[in-house]
1. Need pairs with beta-carbon distance below 8 Å; first residue under 21 Å from LEU48 (Cα atoms) and within segment 79-91, second of a type in the set (Val, Ile, Thr) and crowded, with 17+ Cβ neighbours inside 10 Å; sequence gap 6+ or separate chains.
2. Of the conditions (1) assigned to a helix (DSSP H, G or I); (2) surrounded by 11 or more Cβ atoms within 10 Å (Cβ to Cβ), GLY126 clears all except one; give me its number.
3. LEU48 passes all but one of (1) modelled with pLDDT under 90; (2) surrounded by fewer than 10 Cβ atoms within 10 Å (Cβ to Cβ); which number fails?
4. Take the conditions touching a helix residue (DSSP H, G or I) at 6+ places or on another chain (Cβ under 9 Å) and among the acidic types (Asp, Glu) and apply them to GLU120. Does it pass?
5. Could you check segment 101-125 and list, in sequence order, the residues that are in contact with a Pro (Cβ under 9 Å, 6 or more places away or on another chain) and modelled with pLDDT of 95 or more?
6. When you go through ARG39, ARG88, ARG63 one by one, which is the residue that is more than 19 Å from ILE7 (Cα to Cα) and under 20 Å from the mean Cα position of the chain (by Cα)?
7. Search segment 38-61 for residues that are closer than 22 Å to VAL74 by Cα and pair each with any residue that is of a type in the set (Val, Ile, Thr) when their beta-carbon atoms are under 6 Å apart and the residues are at least 6 apart or on different chains.
8. Sort out which residues of segment 9-20 are modelled with pLDDT of 75 or more and surrounded by 10 or more Cβ atoms within 10 Å (Cβ to Cβ), and write them in order of number.
Amino acid sequence: MRINDEITLADWELSESFVRASGPGGQNVNKVATAVELRFEAARSPHLPEPVKARLKRLAGSRWTKEGAIVLYVDTHRSQARNREAARARLAALIRKAAERPKRRVPTRPTLGSKRRRLEAKAQRGAVKALRGRVDPD
């Protein structure tokens, strides 16, 4: 399975199993296994660089198993073939997103004007709070 110019996944890394979909659908949902469970062995994949694996683990979240596999469950369509395509498309999109290097944040300093405005707002708030409290009867 081709992801982008640098990343291509081998067939042994992907395994699919078909299960019965949940929810309403009449007799069809009870007798036909249309939902697909796609499993990608991400941690053992030699085709993914380590930084991509780390970003993929963070992006996958609860879909990442303890064994280092990504499990995608798709039952959006009524046909097995369309669910299979959807699962593969979701996996490809997830890997493509993980392959993008995040932009490095360049820290900036606050401007003099923003410092002044912050201090003035603090002083004003402090003055309001200082006026609260008991009132002298005199």
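1. That search, which allows pairs on different chains as well, returns ALA87/VAL36; ALA87/VAL74; ARG90/VAL74; LEU91/ILE70.
2. Here GLY126 clears every test but (2).
3. (2)
4. Numbers: touching a helix residue (DSSP H, G or I) at 6+ places or on another chain (Cβ under 9 Å): no; among the acidic types (Asp, Glu): yes.
No, not satisfied.
5. Within segment 101-125, the first condition is being in contact with a Pro (Cβ under 9 Å, 6 or more places away or on another chain), and the residues that meet it are 101, 118.
Across segment 101-125, the qualifying residue is only ARG118.
6. ARG63
7. From segment 38-61, the pairs are ARG39/VAL71; PHE40/ILE70; ALA42/ILE70; ALA60/ILE70.
8. LEU9, GLU13, LEU14, SER15, GLU16, SER17, PHE18, VAL19, ARG20
The values are calculated or read from the model by the stated rules, or taken from the named source; none is laboratory data. Keep in mind that what you see is a predicted model, and the values were worked out from it rather than measured. All Cβ positions, even for glycine, are placed from backbone atoms using ideal geometry, and neighbour counts span all protein chains on display.
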